[in-house]
Amino acid sequence: MKRIASWHKRFDIESEIEYLGTTNEVDHRFRITRVESTSPYDPEEDECTITIDKHTVVGYMDYLVDPSHEEMEMMKEILNEQHICHK
């Protein structure tokens, strides 16, 4: 399952977010591909693991960059659609 979150830092960014699944019942992995709208550089690949307890997000672990508010909301929306957490 993939979604697109658009947001702005100092420039417009579009993030493709893909749910990769879970290795246990509480940790859920996502791939995030970020593209700057005016950048000549290749997209930035990142991953984020969200920890769920009793259908609520209790934490996350990123690999390169903290996810933006928009990216977190999109990941929560994906988990909500999968009936894993409440948004």
Determine, from the Cβ-Cβ distance of residue 24 and residue 82 and an R0 of 25 Å, the FRET efficiency 1/(1 + (r/R0)^6), rounded to the nearest 0.05.
0.95
With n ≥ 4 as the cut-off for DSSP H runs, can you work out [θ] at 222 nm for the chain, using -39500 (n - 2.57) per run divided by the number of residues, rounded to the nearest 500?
-4500 deg cm²/dmol
Match the structure shown to one of the listed values (1) -0.71, -0.96; (2) -0.58, -0.95; (3) -0.83, -1.15 of log10 I(q)/I(0) by the Debye sum over Cα atoms at q = 0.16, 0.21 Å⁻¹, computed from it, and give that label.
(2)
Relative contact order of the chain, defined on C-alpha pairs under 8 angstrom at six or more residues apart (%):
23 percent
Under the Karplus curve 6.51 cos²θ - 1.76 cosθ + 1.60, θ = phi - 60°, whole-Hz ³J(HN,Hα) for the range 37-50, x wherever Gly or Pro sits
4, 10, 8, x, 7, 5, x, 8, 9, 8, 9, 9, 10, 9
Using only Cα atoms and rounding to the nearest 10 degrees, what angle (0 to 90) does helix 69-81 make with the longest principal axis of the chain?
40 degrees
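No value in this document is a laboratory result; all are computed from the given coordinates. Please read these numbers as outputs of a predicted model, since none were measured by experiment. All Cβ positions, even for glycine, are placed from backbone atoms using ideal geometry, and neighbour counts span all protein chains on display.
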